[in-house]
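Working notes, beginning with the structure itself.
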Amino acid sequence: DQQVKQNSPSLSVQEGRISILNCDYTNSMFDYFLWYKKYPAEGPTFLISISSIKDKNEDGRFTVFLNKSAKHLSLHIVPSQPGDSAVYFCAASDRGGSEKLVFGKGTKLTVNP
Amino acid sequence: DARVTQTPRHKVTEMGQEVTMRCQPILGHNTVFWYRQTMMQGLELLAYFRNRAPLDDSGMPKDRFSAEMPDATLATLKIQPSEPRDSAVYFCASGPLNREEQYFGPGTRLTVT
């Protein structure tokens, strides 16, 4: 039973355009969400997060949107750069006493020059 | 520059052999996680420690896998005996207490022939 789903295995965009990565979750107990970026042969690195009390969090070119009623979140990258090419993982947590994260399977983003 | 370190980075072994992977978490972090990444399953949580105590190892095949934290600076993941289906990249991550952000090591790529 996959609790965090990233339905698009890959996404290709042009440099300078917007990249939108999507994530859906099924567990209504999740109340904190994170995005990680992973380059080949490296471990995932934390990118941005959002608490369920918010619907938007912004950090430079990266914005995460949360729609609790739809159990959906998205990561927007504007403008996209070739260095953003990586695998992006969505993760979710139930903050009730545990630091565990549940990860999606990832979306490979390719930004073409 | 605090980082999670993992050794070895690559391991090739024959079926039936014991494999030990090591992780040094970031100094001061109280939580340690072991993950396995495969193409089919994405990032799967294998084990989770808080203050060196194992809290969750439900993701781990119990008959062949074991995880320990002999001290605060070392976490180990052992597979005995190894099987070809164990071939994957194994990541260790650490994090501060009561925080969801986890910091990943570079991973150990295991190949079992």
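Data table
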| read-out | value |
| --- | --- |
| Single residue of the range A:34-45 satisfying the filter (modelled with pLDDT of 95 or more and more than 15 Å from residue A:84 (Cβ to Cβ)) that is farthest from the other protein chains (Cβ to nearest Cβ) | A:34 |
| Considering residues of the range B:65-80 that are assigned to a strand (DSSP E or B), farther than 16 Å from residue B:27 by Cα and of a type outside the set (Ser, Thr, Tyr) only, the residue nearest to the chain's Cα centre (by Cα) | B:77 |
| Members of the range B:13-39 that are exposed (fewer than 13 other Cβ atoms within 10 Å of the Cβ) and on the phi < 0 side of the Ramachandran plot | B:14, B:15, B:18, B:27, B:39 |
| Identity of the residue in the range B:1-44, over 14 Å from residue B:112 (Cβ atoms) and of a type in the set (A, V, I, L, M), that ends up nearest to the other protein chains (Cβ to nearest Cβ) | B:43 |
| Answer from A:87, A:111, A:78, A:64 - the residue that is over 28 Å from residue B:51 (Cα atoms) and at the interface with chain B (Cβ under 10 Å from one of its Cβ atoms) | A:87 |
| From the options A:28, A:98, residue that is touching a residue at least 12 places away in the same chain (Cβ under 8 Å), in a loop (DSSP other than H, G, I, E, B) and hydroxyl-bearing (Ser, Thr, Tyr) | A:28 |
| Contacts under 7 angstrom Cβ, first residue in the range B:5-25 being closer than 19 Å to residue B:49 by Cβ, partner modelled with pLDDT of 95 or more and among the aromatic types (Phe, Trp, Tyr), 6 or more apart | B:21/B:90 |
| Residue B:86 being surrounded by 15 or more Cβ atoms within 10 Å (Cβ to Cβ), more than 14 Å from chain A (Cβ to nearest Cβ) and touching a residue at least 12 places away in the same chain (Cβ under 8 Å) | yes |
| Answer residue from the range A:33-52, given it is surrounded by fewer than 20 Cβ atoms within 10 Å (Cβ to Cβ) and either among the hydroxyl-bearing types (Ser, Thr, Tyr) or without any contact (Cβ under 8 Å) to a residue 12 or more places away in the chain (or both) and is farthest from residue B:90 (Cα to Cα) among those | A:52 |
| Residues of the range B:40-64 satisfying the condition of being surrounded by 13 or more Cβ atoms within 10 Å (Cβ to Cβ), in a loop (DSSP other than H, G, I, E, B) and hydrophobic (A, V, I, L, M, F, W, C) | B:60 |
| Filter result for residue A:13 (of a type in the set (Val, Ile, Thr), within 14 Å of the chain's Cα centre (by Cα) and surrounded by 12 or more Cβ atoms within 10 Å (Cβ to Cβ)) | no |
| Criterion (within 10 Å of chain B (Cβ to nearest Cβ), farther than 30 Å from residue B:10 by Cα and out of contact with any Phe, Trp or Tyr (no Cβ under 6 Å at 6 or more places or on another chain)) met by exactly one of A:51, A:98 | A:98 |
| Qualifying residue in the range B:91-98 (condition: in contact (Cβ under 8 Å) with a residue 12 or more places away in the chain, within 14 Å of chain A (Cβ to nearest Cβ), exposed (fewer than 15 other Cβ atoms within 10 Å of the Cβ) and in a loop (DSSP other than H, G, I, E, B)) | yes |
| Residue B:113 being more than 14 Å from chain A (Cβ to nearest Cβ) and modelled with pLDDT of 95 or more | yes |
| Positions within the range B:1-39 being in a strand (DSSP E or B), among the aliphatic types (A, V, I, L, M) and over 15 Å from the mean Cα position of the chain (by Cα), in sequence order | B:12 |
| Any chance residue A:4 is within 11 Å of chain B (Cβ to nearest Cβ), touching a Cys at 6+ places or on another chain (Cβ under 9 Å) and among the β-branched types (Val, Ile, Thr) | yes |
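The values are calculated or read from the model by the stated rules, or taken from the named source; none is laboratory data. Computed from a predicted structure; not experimentally measured. Positions of Cβ are backbone-derived with ideal geometry, glycine not excepted, and every protein chain shown enters the neighbour counts.
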